[in-house]
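Visitor: Take this structure first; my questions come after.
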2 protein chains.
Amino acid sequence: MTTIKDVAEKAGVSVATVSRVINNEKYVNEDLRRYVLKIVNDMGYQPDGIARGLRTKSTNVISLVIPDINNPFYPEVARGVQSVADEYEYVVILCNTDRVVQREQKFVNILNQQRVEGIIINPSGSTRREMNILARLNIPVVLISSQNILPNFDIVMVDNIQGVGLAIDHFYELGHRRIGLVGGSREVSSGEQRYQGYIQSIARHGIPVEEELITEGKFDHNGGYECMKRLLKLKNRPTAVFAANDIMAIGAVSAIYETGLKIPDDISIIGFDDIAYSRMMYPKLTTVSQPKFEMGAIATQMLFERVTGQEIPNPRRKILDHSLVIRDTTQRI
Amino acid sequence: MTTIKDVAEKAGVSVATVSRVINNEKYVNEDLRRYVLKIVNDMGYQPDGIARGLRTKSTNVISLVIPDINNPFYPEVARGVQSVADEYEYVVILCNTDRVVQREQKFVNILNQQRVEGIIINPSGSTRREMNILARLNIPVVLISSQNILPNFDIVMVDNIQGVGLAIDHFYELGHRRIGLVGGSREVSSGEQRYQGYIQSIARHGIPVEEELITEGKFDHNGGYECMKRLLKLKNRPTAVFAANDIMAIGAVSAIYETGLKIPDDISIIGFDDIAYSRMMYPKLTTVSQPKFEMGAIATQMLFERVTGQEIPNPRRKILDHSLVIRDTTQRI
DNA sequence: AATTTTTCTGTAAACGATTACAACCCAAAT
DNA sequence: ATTTGGGTTGTAATCGTTTACAGAAAAATT
């Protein structure tokens, strides 16, 4: 690896001059600059980011920590993050925890040691203690799609309760009164909130909340499948089902098809997220849409406002717009 | 940020001793070790990975560069990569190029400057010049799912030509003779190979190759949709279609449904990859399966063999097993 | 008791960049 | 002729670690 010293020697100048040239500082003679630049290119010299980082205390890297890279929701968020990180000439380390809290903590520690300058995270952990690890870092953190237990972080999310409300309202207007929940784990914030949204909306319409219509599973395809299986076993099964996210909805759809029932003829279904696949599948999924790319982009924008040292005393909370996208999995009873 | 010096001062020892303690070297008194460790914990000291990296010339990070994070194929590969990187206590920087070569090159340069210790890449670029940038790095590189133009890199992939052969054979056995291709861009290696696989297999069965049955589009949902649209406009449309990957197949399915045709009754279809959706969708997609997680894991394993300095003179080529998974989108004509 | 070996600890030199500071040169102003 | 001041360059300190080397103390060997 050629170092700045090698370049300096070859060019017959001091390392300081080379440094000035590659950092485009003024106060270096135009001819000399061109000369040094030529040698830099000839030697294929690239400054060592590590050494530079040690001196300048900046690594130009941030990190995005997500629970499930197999859920297309997150890759889309990641694209949003990347897009603004690009503008700032930062690279982003993407960490996938597969929802194991332990791994999340390990990541956070490593990231801290590697001196990333900020973290965007959708936490798998939810307890105060788990969050404390984040709080002890002294770098900016922004939470996506998660309640902040500790009030120290910026946060960007949609209003889950309202979002679910849209879904239940739609069911209600279509005449459904027996509405099931294919719920995600209530240990994570969005699972809990969407559960609350379901309960509150059902109650708001004067429909009695029935325990047997409420299920809870893992936030993935199989979780949705299992939950739906349970609902289908009921003597008096629901005519409509809200699933806590789209991949659970897709799992539910599989379960429904498996029993020979038709969608939406026999059962209506609504998901949450509006992942790309929901408009590619058949029948196309009615779902509560949230702006995934923007969520990533805005979170990153907020992060950089702190990374670049702006004084923002209070944690901010940005609520993004959601909307119900009516497609082909819902129909009048 | 507390440094090793702070810890040393507080403990009344030299920095060397603290360094020895946190690196678990022998030759430090057991009592002293415990004492220092206590202070380390009290102060919440974490060594600076940057400074350490500068001295030791190791960053403990590798990178995975992929063209399309929205294609579930790659997240699954990424999980495989992460899983073995975890074992080695490495973190992985995931870079998504969205198939723009320019961005790929920028990433590679930044990664090089950040002194990542190895790169796993599914290149978007294909020309010799584009590959040269990789060759000039002096860190290990392993290619996934791509031909190596330059013979300098390890590579792990499936035999695309054989894979496509399985699909075409299956169509043939089911009585199909008019088989269309929803092809991916031939500028990328897997697009070209799958095209070749199609041509060769068709010829092998003595079926004339017809230009009008061959389409080429972007390697995504919309690409598949557009190609299929074109095939459907033919006076004499195909009875079976092979799509270059599953998301293209899914796009093709959308296009077929849109015209009111039935799958597999009117048209049979086979994809490639076996992403998770292909068995969640309806009807379930027949597809050529390749081991995604393993591909990532094995590539990473090969990478680490070089990263850890083993002498492996020749580039290696690992061909993984593929198989045809017959589901519900193919039927006898 | 003298010597050798082993254990333990500290001093100081790296690693590869950035940057404060000083010094020099030269043109312009006094 | 002297001073001023901006442009240009170099010297050396610094960032936070690891580690070669040295030296002291303790243990083992002769």
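Visitor: Among DSSP beta bridges lying fully in the protein assembly as shown, give the percent that are antiparallel, nearest 5.
Guide: Numbers: 6 of 74 bridges.
Here the share of antiparallel DSSP bridges comes out near 10 percent.
Visitor: I'd like the antiparallel share, as a percent to the nearest 5, of DSSP beta bridges with both residues in chain A.
Guide: In chain A, DSSP labels about 10 percent of beta bridges as antiparallel.
Visitor: Let me ask another. Using only the alpha-carbon atoms of the stretch A:2-145, report the extent along each of the three principal axes, biggest first, to the nearest angstrom.
Guide: 59, 29, 24
Visitor: Would you mind calculating the relative contact order of chain A from Cα pairs under 8 angstrom and at least 6 residues apart, reporting the percent as a whole number? Provide the component values of the computation, followed by the final result.
Guide: Working: 633 pairs, mean separation 57.5, N = 333.
It rounds to 17 percent for chain A.
Visitor: In a Debye calculation with equal point scatterers on the alpha-carbon sites of the protein assembly as shown and no solvent, what is log10 I(q)/I(0) at q = 0.05 Å⁻¹?
Guide: For the requested q values the scattering log ratios are -0.27.
Visitor: Now for a separate question. Kirkwood Rh, the stretch A:124-200, all Cα pairs: how many Å? Please report the intermediate quantities before stating the final value.
Guide: On the way: mean 1/r = 0.0712 Å⁻¹.
Here the Kirkwood hydrodynamic radius works out to 14.0 Å.
Visitor: Oh, and also: What FRET efficiency do you get for A:ALA51 and A:LYS106 if R0 is 22 Å and r is their Cβ-Cβ distance, rounded to the nearest 0.05?
Guide: On the way: r = 27 Å, r/R0 = 1.22.
So, using R0 = 22 Å, E works out to roughly 0.25.
Visitor: Let me ask something else about it. Chymotrypsin sites (Phe, Trp or Tyr not before Pro) within the stretch B:9-106: which are DSSP loop residues with at most 16 other Cβ atoms inside 10 Å? Walk me through the numbers before you get to the answer.
Guide: Working: sites: B:TYR27, B:TYR35, B:TYR45, B:PHE73, B:TYR88, B:TYR90; in loops: B:TYR27, B:TYR45, B:TYR88, B:TYR90.
In loop regions of the stretch B:9-106 (DSSP not H, G, I, E or B), the sparsely surrounded chymotrypsin sites (Phe, Trp or Tyr not before Pro) are B:TYR27, B:TYR88.
Visitor: Here's another thing I want to ask about it. Between B:ILE326 and B:ASP266, what is the label-to-label distance in nm when each label sits 7 Å out along the Cα-to-Cβ direction?
Guide: Here the answer is 2.5 nm between the modelled labels.
Visitor: If amide hydrogens are placed 1.01 Å from N in the peptide plane, which non-local residues have theirs closer than 5 Å to the one on A:VAL241?
Guide: Those qualifying (amide H under 5 Å, at least 5 residues apart or on another chain) are A:GLY180, A:SER268, A:ILE269, A:ILE270.
Visitor: Report, as a whole number in µm² per second, the diffusion coefficient that Stokes-Einstein gives for the stretch B:247-300 at 20 °C and 1.002 mPa s using the Kirkwood radius over alpha carbon pairs. Let's see the in-between values first.
Guide: On the way: Rh = 12.1 Å.
D = 176 µm²/s.
Visitor: Can you pull the Kirkwood radius for the stretch B:84-224, inverse mean 1/r over Cα pairs, to one decimal in Å? Write down the numbers at each step before the final one.
Guide: Numbers: mean 1/r = 0.0585 Å⁻¹.
With all distinct Cα pairs of the stretch B:84-224 included, I get 17.1 Å.
Visitor: Another question, if that's okay. Along its three principal axes, how long is the stretch A:160-290 when you only count alpha carbons? Whole Å, largest extent first please.
Guide: Over the stretch A:160-290, Cα extents along the principal axes are 32, 31, 26 Å.
Visitor: Every other copy gets compared here: list the nm distances from the B:GLN105 label point (7 Å along Cα to Cβ) to its counterparts, shortest first, one decimal.
Guide: Its label point is 4.6 nm from the equivalent points in the other copies.
Visitor: Here is a further query. Long-range amide H contacts for B:GLU216: which residues qualify at under 5 Å (H placed 1.01 Å from N, peptide plane, sequence gap of 5 or more or a different chain)?
Guide: Amide H neighbours of B:GLU216: B:GLY183.
Visitor: Assuming R0 = 45 Å, what is the FRET efficiency of B:ASN152 and B:LEU234, from their Cβ-Cβ distance, to the nearest 0.05?
Guide: On the way: r = 44 Å, r/R0 = 0.97.
With a Förster radius of 45 Å, E is 0.55.
Visitor: Can you give the FRET efficiency for B:ILE312 and B:GLU30, using 1/(1 + (r/R0)^6), R0 = 45 Å, r = Cβ-Cβ distance, to the nearest 0.05?
Guide: Computed FRET efficiency for B:ILE312 and B:GLU30: 0.65.
Visitor: State the percentage of accessible surface on the protein assembly as shown attributable to carbon and sulfur atoms; use a 1.4 Å probe and exclude ligands, DNA and RNA.
Guide: 48 percent
Visitor: With θ set to phi - 60°, apply the Karplus curve 6.51 cos²θ - 1.76 cosθ + 1.60 along the stretch B:274-289 and write out the HN-Hα couplings as whole Hz, x wherever there is a Gly or Pro.
Guide: 6, 6, 3, 4, 4, 9, 9, 6, 9, x, 5, 7, 6, 7, 8, 8
Visitor: Based on Cα coordinates alone, diagonalise the gyration tensor for the stretch A:4-47, multiply each eigenvalue by 5, take square roots, and list the semi-axes in whole Å, largest first. Don't jump to the answer; show the numbers that get you there.
Guide: Numbers: eigenvalues 40, 20, 19 Å².
The answer is 14, 10, 10 Å, longest axis first.
Visitor: In the stretch A:87-127, what is the volume of the convex hull around the alpha carbon atoms, normalised per residue and reported in Å³? Intermediate results must be reported in sequence, preceding the final value.
Guide: On the way: hull volume 3.3 nm³, N = 41.
Roughly 80 Å³ of hull volume per residue.
Visitor: Would you grab the residues whose amide H sits under 5 Å from the one on A:SER323? Only those 5+ places off in sequence or on another chain, please, with H modelled 1.01 Å from N.
Guide: A:SER289
Visitor: Which ³J(HN,Hα) values in Hz, rounded to whole numbers, follow from the phi angles of the stretch A:185-192 under the Karplus curve 6.51 cos²θ - 1.76 cosθ + 1.60, where θ = phi - 60° and Gly and Pro get x?
Guide: 3, 7, 6, 9, 3, 5, x, 5
Visitor: Of the trypsin sites (Lys or Arg not before Pro) in the stretch B:229-274, which ones lie in a loop per DSSP and count no more than 11 other C-beta atoms within 10 Å? Mind showing how you got there, number by number?
Guide: Values: sites: B:LYS229, B:ARG230, B:LYS233, B:LYS235, B:LYS262; in loops: B:LYS235, B:LYS262.
When the trypsin sites (Lys or Arg not before Pro) of the stretch B:229-274 are filtered for loop state and at most 11 Cβ neighbours within 10 Å, B:LYS235, B:LYS262 remain.
Visitor: Label position 7 Å from Cα toward Cβ: report the copy-to-copy distances for A:LEU234 in nm, one decimal, ordered from shortest.
Guide: Those separations, rounded to one decimal, come out as 4.9 nm.
Visitor: Output ³J(HN,Hα) for the stretch A:205-211: one whole-Hz value per residue in order, computed from phi by the Karplus curve 6.51 cos²θ - 1.76 cosθ + 1.60 with θ = phi - 60°, and x for Gly and Pro.
Guide: For the stretch A:205-211, the Karplus curve yields 8, x, 8, x, 7, 10, 3 Hz.
Visitor: How about the stretch B:1-49: which trypsin sites (Lys or Arg not before Pro) there are in a DSSP loop, with at most 11 other Cβ atoms within 10 Å of their Cβ? Could the numbers behind the result be given before it?
Guide: On the way: sites: B:LYS5, B:LYS10, B:ARG20, B:LYS26, B:ARG33, B:ARG34, B:LYS38; in loops: B:LYS26.
Qualifying residues, ordered by number: B:LYS26.
Visitor: Report the A-B buried area as the accessible area lost on both sides summed, probe 1.4 Å, in Å² to the nearest 100. Present the calculation step by step, with values, prior to reporting the outcome.
Guide: Working: alone 16550 and 16580 Å², together 28270 Å².
Result for this pair: about 4900 Å² buried.
Visitor: I'd like the Kirkwood hydrodynamic radius of the stretch A:199-240, using the inverse of the mean 1/r over distinct C-alpha pairs, in Å. Show your work: numbers first, answer last.
Guide: Values: mean 1/r = 0.0880 Å⁻¹.
Every distinct Cα pair counted, the radius reaches 11.4 Å.
Visitor: Keeping every protein chain present and rolling a 1.4 Å probe, give me the accessible area per residue for the stretch B:4-47 in Å². Don't jump to the answer; show the numbers that get you there.
Guide: Numbers: 2900 Å² over 44 residues.
About 66 Å² of surface per residue is accessible.
Visitor: Then there is this: Using all C-alpha to C-alpha distances in the stretch B:167-238, build P(r) with 10 Å bins and read off the rounded percent in each one.
Guide: With a bin width of 10 Å, the distribution comes to 21, 51, 28, 1.
Visitor: Label-to-label distances across copies for B:ARG136, with labels 7 Å out along Cα→Cβ, in nm, shortest first?
Guide: Once sorted, the set of distances for B:ARG136 reads 4.4 nm.
Visitor: Another question, if that's okay. Chain B: longest stretch without exposed GluC sites (Glu not before Pro) (DSSP loop, at most 15 other Cβ within 10 Å), sites themselves excluded? Kindly include the intermediate steps, with their values, before the conclusion.
Guide: On the way: sites that count: B:GLU25, B:GLU89, B:GLU187, B:GLU210, B:GLU311.
The reported range is B:211-310.
Visitor: Report B:ILE207's accessible area, 1.4 Å probe, all protein chains in place, as a number in Å² to the nearest 10.
Guide: 20 Å²
Visitor: Binning every alpha carbon pair distance of chain B at 20 Å from zero, what are the percents per bin?
Guide: 29, 43, 20, 8, 0
The values are calculated or read from the model by the stated rules, or taken from the named source; none is laboratory data. The structure displayed is predicted, hence computed values, not measured ones. Cβ atoms come from the backbone with ideal geometry, glycine included; neighbour counts cover every protein chain shown. Areas reflect the complete protein model, heavy atoms only, side chains present, ligands, DNA and RNA absent. Shrake-Rupley method; radii C 1.70, N 1.55, O 1.52, S 1.80 Å.
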